[in-house]
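What follows draws every value from the coordinates through simple rules; no lab data is involved. In this text, all values refer to a predicted model and were calculated from it rather than measured experimentally. All Cβ positions, glycine included, derive from the backbone under ideal geometry; neighbour counts span all protein chains shown.
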Amino acid sequence: MIATEHAAFKLQVSKIYLKTSILVHLSALIVIWLYSFNNYVSLSLSIGLMMHFYFLNLSIFLKKSNTILSFSLNDKTLTTTDKMGNNQQYPCVYCVYQSQFLVIINLGKNSLVIFKDSLASHSLSQLNRLLNA
């Protein structure tokens with residue numbers, strides 16, 4: 001990844017990610033109850049699915065302590081700021097996936113998933129241009 005200009009991006013809650021996760025979890029819940037022969041198994045799977053949805057919502061609504069709230073690109077370095085105010089620099093990052101609706105950037109062991117509507121100040125196309133420069 002080579003970015004020649006400095007750009008800062010602020011992240012916000014993504015409605016696309018929220019709607020997609022609700023649709024997937026509701027579909028799984030319906031399948032659990034339609035195709036199960038045992039009510040106890042269906043109940044335990046439903047509770048597990050609801051717990052997963054709850055913990056996923058912590059990420060969707062940016063409520064986890066290690067959630068990245070903003071990031072900036074400067075030359076070849078990506079700098080992130082988490083909810084606690086800690087800055088982390090990643091000199092070696094690369095874009096795993098790019099489209100007009102979603103960008104996934106690999107930050108070492110973690111990934112930064114950016115939906116089109118989760119960028120507060122800029123557009124996703126500007127980020128794609130910087131990542132492709």
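Give me the number: length gained by fully extending TYR35 to SER59, i.e. 0.36 nm times residue separation minus the C-alpha to C-alpha distance, one decimal in nm.
Numbers: separation 24, 0.36 × 24 = 8.64 nm, distance 2.99 nm.
Stretched fully, the TYR35-SER59 segment lengthens by 5.7 nm.
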note = Long-range amide H partners of LEU107, meaning residues 5 or more apart or on another chain whose placed amide H is closer than 5 Å, are LEU112
note = The ³J(HN,Hα) series, computed from each phi in region 49-63 with the Karplus coefficients 6.51, -1.76 and 1.60 at θ = phi - 60°, rounded to the nearest Hz and given as x for glycine or proline, is 5, 5, 5, 4, 4, 4, 5, 5, 5, 4, 6, 5, 8, 6, 9
ask   = For helix 15-34, what angle does its Cα long axis make with the longest principal axis of the chain, in degrees from 0 to 90 and rounded to 10?
value = 20 degrees
query = How far apart, in nm, are the 7 Å Cα→Cβ label points at LEU18 and SER42?
reply = 3.0 nm
Under-5 Å amide H pairs with SER70, H placed in peptide plane, nonlocal only = LEU11, THR81
ask   = Put +1 on the Cβ of every Lys and Arg and -1 on every Asp and Glu Cβ in the chain; which of ASN39, GLY108, THR77 then has its Cα farthest towards the positive end of the dipole?
value = ASN39
inquiry  = Please list the three semi-axes, largest first and in whole Å, of the ellipsoid equivalent to region 12-58, using sqrt of 5 times the eigenvalues of its alpha carbon gyration tensor.
reply    = 24, 12, 4
task = Mind jotting down a quarter of the surface of the convex hull over the alpha carbons of the chain, in square nanometres, one decimal?
result = 8.9 nm²
